[in-house]
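A quick write-up on the structure given underneath.
The values are calculated or read from the model by the stated rules, or taken from the named source; none is laboratory data. None of the values given here were measured: they were computed from a predicted structure. Because the Cβ atoms are built from the backbone with ideal geometry, glycine has one as well, and the counts that use them run over all protein chains shown. Areas reflect the complete protein model, heavy atoms only, side chains present, ligands, DNA and RNA absent. Shrake-Rupley method; radii C 1.70, N 1.55, O 1.52, S 1.80 Å.
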Amino acid sequence: MSETIEKVKCLIIGSGPAGYTAAIYAARANMSPVLYQGAQPGGQLTTTNEVENFPGYPEGITGPEMMIQLQKQAERFEADVRDGWITKVDFSGDVHKVWVNDTKEIHCDTVIISTGASAKYLGLESEQKYLKLGGGVSACAVCDGFFYRNQEVVIVGAGDSACEEAHYLSKLCKKVTMLVRRDEFRASKIMAERVKNTPNIEILFNTETEEVLGDGQVVTGVKVFNNQTDEKHEIPATGFFVAIGHKPNTDIFKDYLDLDETGYIINVPGTSKTNVEGVFVSGDAADHVYRQAITAAGTGCMAALDAERWLAAKDTTFEVNTSIYN
């Protein structure tokens, strides 16, 4: 354990649109933010080849390039962006304590959590191959559906989110084949009926994925099997969407913060505040509804503003920098 304890006015845990936006606002407010990027610097967006729905990029931009630009913007205002990730926290006292890589101890006046959530995948070798290649595997229809206009795609899932994404894809794609592992949906009746009544959605019950097929660069189809009859067949497709849920990266906070049943941090409605004074949350660690880069960035802004106001209320020597609102 480190013998020297660092003291920080504002610590941001995690990068991505939420963390970097929080760092930009916090730095401009003279909060001297320190940001630890986490195990995946830049967050989920670094796995996205093309981002075309973030305002300000008329020609689009790649996810990794956008994250590099956001990091540079934060550093321009002297945000301290560091490698490493937070492995333990203690929010039980007036001082918020965190540990970096199980060694370095930091005491923080305020903490902004931007750890995000990780999409769940099937874990197939072929699925991961084309996910890494950016060649047709996705966990976000809203993000990537546009690239499959007038094409045939496959989506895996049985819950409300899967039905929502299948219906969204049906408005863009020629055909959507939906793979449901059981003999019924887990989704609400209204959502299930919606996809059942959509002409270009074909639903295959008791069906699982054996392999994502491709030419070495992009997806060309999906090999599936019926888990009741073991019958196998191939489905031509250029896109393979996985909608089996997300896991928020919040495990280290569960002893101190209020989480919902799936692990998302519960914030005070309309704010970024958590149940612990001086600890704020932004991005997908709390958002299980929208999960978009633009909404994450917005809550990063909220968290920095909330943290600044909280500091000003606690410390009369800390003045709110009104210029950051301009």
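Counting Lys and Arg as +1 and Asp and Glu as -1, what is the net charge of the other residues whose Cβ lies under 12 Å from the Cβ of residue 230? Working shown, then result.
On the way: positive: 232; negative: 208, 210, 231.
Residues near residue 230 contribute -2 overall.
Whole angstrom only: what separates the Cα centroid of region 107-165 from the Cα centroid of region 185-218?
A separation of 15 Å, based on Cα centres.
Computed FRET efficiency, Cβ-Cβ of residue 172 and residue 82, R0 30 Å: what is it to the nearest 0.05? Present the calculation step by step, with values, prior to reporting the outcome.
Details: r = 40 Å, r/R0 = 1.34.
In this case the efficiency is close to 0.15.
Leaving out ligands and nucleic acids, note down the accessible area per residue over the chain with a 1.4 angstrom probe, in whole Å². Before the final figure, lay out the partial values.
Numbers: 16030 Å² over 326 residues.
Using a 1.4 Å probe on heavy atoms only, each residue of the chain averages 49 Å².
Suppose the chain between residue 132 and residue 208 were pulled fully straight at 0.36 nm per residue; how much longer would it get relative to their current alpha carbon spacing? Working shown, then result.
Working: separation 76, 0.36 × 76 = 27.36 nm, distance 2.15 nm.
Full extension of this stretch gives 25.2 nm more.
For a quick check of your reading of the filter: which trypsin sites (Lys or Arg not before Pro) in region 187-277 sit in a DSSP loop and have no more than 12 other Cβ atoms within 10 Å?
On the way: sites: 189, 194, 196, 223, 232, 254, 273; in loops: 254.
Passing both the DSSP loop test and the Cβ count: 254.
Treating the angle as unsigned and between 0 and 90°, give the value, to the nearest 10°, between the Cα long axis of helix 293-314 and the longest Cα principal axis of the chain.
20 degrees
Give 247/273; 175/232; 9/97; 72/97 a once-over and call out the pairs whose C-alpha atoms are over 18 Å from each other. The partial results should precede the final answer.
Working: 247/273 21 Å; 175/232 20 Å; 9/97 12 Å; 72/97 27 Å.
Over 18 Å Cα-Cα: 247/273; 175/232; 72/97.
Only bridges whose two residues both fall in the chain count here: according to DSSP, what percent of them are antiparallel, nearest 5?
45 percent
To the nearest 10 degrees, how steep is helix 16-28 against the longest Cα principal axis of the chain, on a 0 to 90 scale?
20 degrees
Just add up the charged neighbours of residue 294: K/R +1, D/E -1, any other residue whose Cβ is under 14 Å from the Cβ of residue 294.
Values: positive: 291; negative: 52, 284, 287.
That works out to -2.
Once both axes come from the Cα atoms, what is the angle between helix 63-76 and the longest principal axis of the chain, in degrees from 0 to 90, rounded to 10?
10 degrees
Can you check what the net charge comes to around residue 254, using other residues whose Cβ is under 15 Å from the Cβ of residue 254 (Lys, Arg +1; Asp, Glu -1)?
On the way: positive: 88, 247; negative: 90, 251, 255, 258, 260, 261.
Net charge in that neighbourhood comes out at -4.
Sorted by packing (mean other beta-carbon atoms within 10 Å per residue), highest first, where do 149-156, 198-205 land? Could the numbers behind the result be given before it?
Numbers: 149-156: 20.1, 198-205: 15.4.
Put in order of decreasing packing, that is 149-156, 198-205.
So if each residue of separation counts as 0.36 nm, and I subtract the Cα-Cα distance between residue 72 and residue 312, what length gain in nm does that give?
Values: separation 240, 0.36 × 240 = 86.40 nm, distance 2.72 nm.
Computed gain between residue 72 and residue 312 is 83.7 nm.
Which of the GluC sites (Glu not before Pro) found in region 40-132 are in a DSSP loop and have at most 15 neighbouring Cβ atoms, other than their own, within 10 Å? Walk me through the intermediate numbers first.
Numbers: sites: 50, 52, 59, 65, 75, 78, 105, 125, 127; in loops: 50, 52, 59, 78.
Loop-located and lightly packed - 50, 52, 59, 78.
For residue 129, list the aspartates and glutamates whose Cα falls under 15 Å from its own Cα; do not include residues on the same chain fewer than 8 positions away.
Counting by Cα, and skipping residues close in sequence, residue 129 has these aspartates and glutamates nearby: 210, 211, 215.
Roughly how far apart, in whole Å, are the Cα centres of region 230-264 and region 69-102?
Spelled out, the Cα-based centre of one part sits 26 Å from the other.
Write down, largest first, the equivalent ellipsoid semi-axes of the chain in whole Å, where each equals the square root of 5 times an eigenvalue of the alpha-carbon gyration tensor.
Working: eigenvalues 325, 78, 65 Å².
Listed largest to smallest, the semi-axes of the chain are 40, 20, 18 Å.
State the percentage of accessible surface on the chain attributable to carbon and sulfur atoms; use a 1.4 Å probe and exclude ligands, DNA and RNA. List each step's numbers first, then the result.
Details: 7610 of 16030 Å².
Whole-percent figure for carbon plus sulfur exposure: 47.
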